[in-house]
Amino acid sequence: MRADKANMMKFKKYLLLLTLATLTLGGALTPTASAAPKAEAWPRWQASDEQSEVQIDHSAWGKFLLQYLVPGQASEPNRLRYAAVAAGDKAALVHYLDRLTAVPVTKLKRAEQKVYWINLYNALTVNSVLDHYPLKSIRDIKSGWFSAGPWDLKLIRVEGIELTLNDIEHRILRPLWQDNRVHYALNCASLGCPNLQPEPFTAKNSEYLLEQAARDFINSPRGVHFDEDSLVLSSIYDWFQADFGADEIEVIKYLQTYASPALAEQLRGFHGTVSYQYDWNLNGI
């Protein structure tokens, strides 16, 4: 009995040490850490066919958004009515994702590929939340013992290869397009995130939607606001600082390009403390 008790105490101590080690060393693997995943290109997805005339039909995703997305008033975030999603509409969303898996994406032109990956990411995220609903935060979905979210779960198979949300964002979209506006297009089902757009991205509307999404987020309190003498930025500009500038000074200069005249003037004259915030509560109603 004493031996069993001693072994149990050793096991509990081992689990505690393992947990602390994982939080210390593995924290950079989660989107909540100060060092988010790096943009490292996956060469497998670099191929494209610029002669292709194929246009992927994202109307099913558009119909879902029209039915369940509620636009925020003023600078409030858009919200999704997860609790109201009917079984038939959930099935239609899954069918849309299944159709995307059948697309030979490397045979599309790059403009079509970009919106394919953006819509796929957002629809997968919504579907993942619905699969686990009700929940308070997307971080309640686990992809491992010490995970904080679904980002490393193998959620879909494209051209025979299993993919995670992290794969789509950090190994495909960020490194292959090097367009920091992608951060405003991808939605992580959280109140602190840039808005889930009310319509699908297409090759024709993507430039407009990316520009508008950047402008909307930066001019909302979620993106940029002042708290007395402190400048408060979304943690996106901390986690992915390299995508927006070499340092905080360059990031602030970047923000001015999308800021309203009044906000831009405040940013130009700012020399104080910068802090970061993010709201991981679910963007539901």
Is it the case that some residue within segment 73-84 is out of contact with any His (no Cβ under 8 Å at 6 or more places or on another chain), of a type in the set (A, V, I, L, M, F, W, C), modelled with pLDDT of 95 or more and over 26 Å from residue 207 (Cβ atoms)?
yes
Taking segment 78-115 and keeping residues touching a Phe, Trp or Tyr at 6+ places or on another chain (Cβ under 9 Å), surrounded by 14 or more Cβ atoms within 10 Å (Cβ to Cβ) and in contact (Cβ under 8 Å) with a residue 60 or more places away in the chain leaves 80, 82, 105, 106, 108, 110, 113, 114, 115
If only one of 244, 226 is of a type in the set (Phe, Trp, Tyr) and crowded, with 16+ Cβ neighbours inside 10 Å, which one is it?
244
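Among the residues of segment 237-260, how many are in a helix (DSSP H, G or I) and under 22 Å from the mean Cα position of the chain (by Cα)?
Number of matching residues: 12.
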Would you call residue 129 at pLDDT 95 or above, more than 24 Å from residue 215 (Cα to Cα) and part of a loop (DSSP other than H, G, I, E, B)?
no
I'm told residue 185 meets every condition in (1) surrounded by fewer than 21 Cβ atoms within 10 Å (Cβ to Cβ); (2) under 23 Å from residue 45 (Cβ atoms); (3) of a type in the set (A, V, I, L, M) except one. Can you identify the failing condition by its number?
(1)
Candidates 239, 177 - the one that is of a type in the set (Phe, Trp, Tyr) and surrounded by fewer than 19 Cβ atoms within 10 Å (Cβ to Cβ)
177
Can you pull out the residues in segment 141-171 that are among the acidic types (Asp, Glu) and not in a helix (DSSP H, G or I)?
152, 159, 162
May I ask you to list pairs of residues, at least six apart or on different chains, whose Cβ atoms are under 9 Å apart, with the first in segment 219-248 being farther than 17 Å from residue 178 by Cβ and at pLDDT 95 or above and the second being of a type in the set (Lys, Arg) and surrounded by 19 or more Cβ atoms within 10 Å (Cβ to Cβ)?
234/222
Go through segment 95-121 and report how many residues are within 21 Å of residue 188 (Cα to Cα) and either of a type in the set (Lys, Arg) or at pLDDT below 95 (or both).
1
For segment 131-167: of the residues being surrounded by fewer than 17 Cβ atoms within 10 Å (Cβ to Cβ) and under 24 Å from residue 105 (Cβ atoms), which is nearest to the chain's Cα centre (by Cα)?
154
Do you know which residues across segment 261-280 are outside any strand (DSSP E or B), surrounded by 12 or more Cβ atoms within 10 Å (Cβ to Cβ) and touching a Ser or Thr at 6+ places or on another chain (Cβ under 8 Å)?
278, 279, 280
The one condition in (1) assigned to a loop (DSSP other than H, G, I, E, B); (2) hydroxyl-bearing (Ser, Thr, Tyr); (3) surrounded by 18 or more Cβ atoms within 10 Å (Cβ to Cβ) that residue 75 fails to fulfil
(3)
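The values are calculated or read from the model by the stated rules, or taken from the named source; none is laboratory data. Bear in mind the structure is a predicted one, so any value in this text is a computation, not a measurement. Every residue, glycine among them, receives a Cβ derived from its backbone with ideal geometry; neighbour counts consider all protein chains shown.
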